[in-house]
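The values are calculated or read from the model by the stated rules, or taken from the named source; none is laboratory data. If you're wondering where the values come from, they're calculated on a predicted model, not measured in any experiment. Cβ: placed from backbone, ideal geometry, glycine included. Neighbour counts: every protein chain shown.
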Amino acid sequence: MVLSQLSGKKRKLKLYYVCFLLLNFWGIEKATATNTDSLFIEDCKSFFFKEIGFTLKGNFYTEWRKTDSPYLCLYISKDSDVVRPKEYNFTYDFVYCKNDSDFRRMLEKSNGYQTFLYKTYNTSSCMLSKRFMSYSNEAKAFIIFHELMHNYVFEKEANLLYEYNEAVSDVMGNYLALKFAKTTGKISVEKVLKQTKINENLYEWFNRYINKIHENPADRFTYHKECEARVNYFLKEADTFQHDRFQYKVNNAYLLKNSNYCKRYFVLKDLFLSKESTQEFLEAFHNFPDSKRIEVIRIYDFTKPNSRPTEPASDGK
């Protein structure tokens, strides 16, 4: 039956029903390959799967979120150190808040600890959003490779410590974006290098201030101000995504969030750059037992920003 065959109220109700279905369909819709953004996303996915040697299970970056609101992630740290209190046994060092009232409810239970509410539009669910689509292609490439790496970890190393999960995903995000830029020409090598340099400079200083607070907790508020000034300095040249990711007031909980990305980052970066291919890196990563990881981190002095050049390597694999 078509609308022209209906009359009066039935036709009106039918029209409302069609509109209702369309609105719900548009809430989560399939991305098509008829526009530049969708083609670019598919190119990034294909590149990632080729690099790791197989196709992950899942429909990544094909559906739109029903809301434009960010995900709310609450981090809680001890007041005297950058450490999650034992009573908050979160799997990933944070807990998702459904909305602002949920956040306030959790905040009331924080027992005087330092808190940080992180707002992000990008998770391992790999959903499309208006905010994600507004980012530069260089940022999109980083995000896609980072989030796909999480899904690789879920398939291959489900029990991987969270701090390794985030660190290895950032290494893959930075250096696969660089390789993608060099081999395809679809994004700017110069912009990727700049993006990576900002990320790595921030991680150098996060590591330094986390260590300073651990050694001198009485001076933590001074260190917070110093670190925030560093963040603002590096973000002067940053893009929208990096502002979304790092532009917050610094406290212990903010540093706790970022510690998962920066604490193990540089040793994994060195491992990546020492291998001839991404697959060789992943094989070495799989054979990198926890005891060895701890030993390497202890030897590798990641707390001194001047211990390594701040420029990212320009020869991404």
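Name the residues in region 170-227 that are in contact with a Pro (Cβ under 6 Å, 6 or more places away or on another chain), under 19 Å from Leu273 (Cβ atoms) and among the charged types (D, E, K, R), would you?
Lys197, Glu200, Glu204
This table checks each residue for (1) closer than 30 Å to Tyr113 by Cβ; (2) of a type outside the set (D, E, K, R); (3) modelled with pLDDT under 95; (4) assigned to a loop (DSSP other than H, G, I, E, B).
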site: Gln279; (1), (2), (3), (4): no, yes, no, no
site: Glu283; (1), (2), (3), (4): no, no, yes, no
site: Phe288; (1), (2), (3), (4): no, yes, yes, yes
site: Val296; (1), (2), (3), (4): no, yes, yes, no
site: Asp301; (1), (2), (3), (4): yes, no, yes, yes
site: Gly316; (1), (2), (3), (4): no, yes, yes, yes
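Condition first: touching a helix residue (DSSP H, G or I) at 6+ places or on another chain (Cβ under 7 Å) and within 20 Å of Tyr164 (Cα to Cα). Now tell me which residues in region 225-251 satisfy that.
The answer is Phe246, and nothing else.
Could you check Ser169 against (1) touching a residue at least 60 places away in the same chain (Cβ under 8 Å); (2) buried (at least 19 other Cβ atoms within 10 Å of the Cβ); (3) closer than 26 Å to Ala284 by Cα; (4) among the hydroxyl-bearing types (Ser, Thr, Tyr) and say which number it fails?
Every listed condition holds for Ser169 apart from (1).
Condition first: touching a Lys or Arg at 6+ places or on another chain (Cβ under 8 Å) and of a type in the set (Phe, Trp, Tyr). Now tell me which residues in region 53-93 satisfy that.
Phe60, Tyr61, Tyr71, Tyr75, Phe90
Does at least one position in region 185-205 carry a residue that is modelled with pLDDT of 95 or more, out of contact with any helix residue (DSSP H, G or I) (no Cβ under 8 Å at 6 or more places or on another chain) and within 30 Å of Glu63 (Cβ to Cβ)? Full working, then the answer.
Step one: filter region 185-205 for residues modelled with pLDDT of 95 or more, giving 185-205.
Filter again for out of contact with any helix residue (DSSP H, G or I) (no Cβ under 8 Å at 6 or more places or on another chain), leaving 185, 190, 194, 197.
Filter once more, so that each one left must be within 30 Å of Glu63 (Cβ to Cβ): 185.
Yes: region 185-205 contains one or more residues that are modelled with pLDDT of 95 or more, out of contact with any helix residue (DSSP H, G or I) (no Cβ under 8 Å at 6 or more places or on another chain) and within 30 Å of Glu63 (Cβ to Cβ).
Can you name every residue in region 201-217 that is surrounded by fewer than 15 Cβ atoms within 10 Å (Cβ to Cβ) and closer than 16 Å to Ala253 by Cα? Before you say what the answer is, go through the steps one by one.
Kept after step one, since they are surrounded by fewer than 15 Cβ atoms within 10 Å (Cβ to Cβ), are these residues of region 201-217: 214-216.
The one that is surrounded by fewer than 15 Cβ atoms within 10 Å (Cβ to Cβ) and closer than 16 Å to Ala253 by Cα: His214.
Could you check how many residues of region 48-68 are within 16 Å of Ser169 (Cβ to Cβ) and not in a loop (DSSP other than H, G, I, E, B)? So that I can check it myself, show each step before the final result.
As a first pass, look at region 48-68 and keep what is within 16 Å of Ser169 (Cβ to Cβ): 48-49, 51-52, 56, 58, 60-61.
Applying the additional criterion that residues be not in a loop (DSSP other than H, G, I, E, B) yields 48-49, 51-52.
So the count comes out to 4.
Please go through region 129-140 and pick out each residue that is among the aliphatic types (A, V, I, L, M) and surrounded by 21 or more Cβ atoms within 10 Å (Cβ to Cβ).
Ala139
Can you give me the number of residues within region 166-196 that are over 16 Å from the mean Cα position of the chain (by Cα) and not aliphatic (A, V, I, L, M)?
So the answer is 11.
Tell me yes or no: at least one residue of region 247-267 is of a type in the set (Gly, Ala, Ser) and in contact (Cβ under 8 Å) with a residue 40 or more places away in the chain.
Checked against the condition, which is being of a type in the set (Gly, Ala, Ser) and in contact (Cβ under 8 Å) with a residue 40 or more places away in the chain, region 247-267 yields at least one hit.
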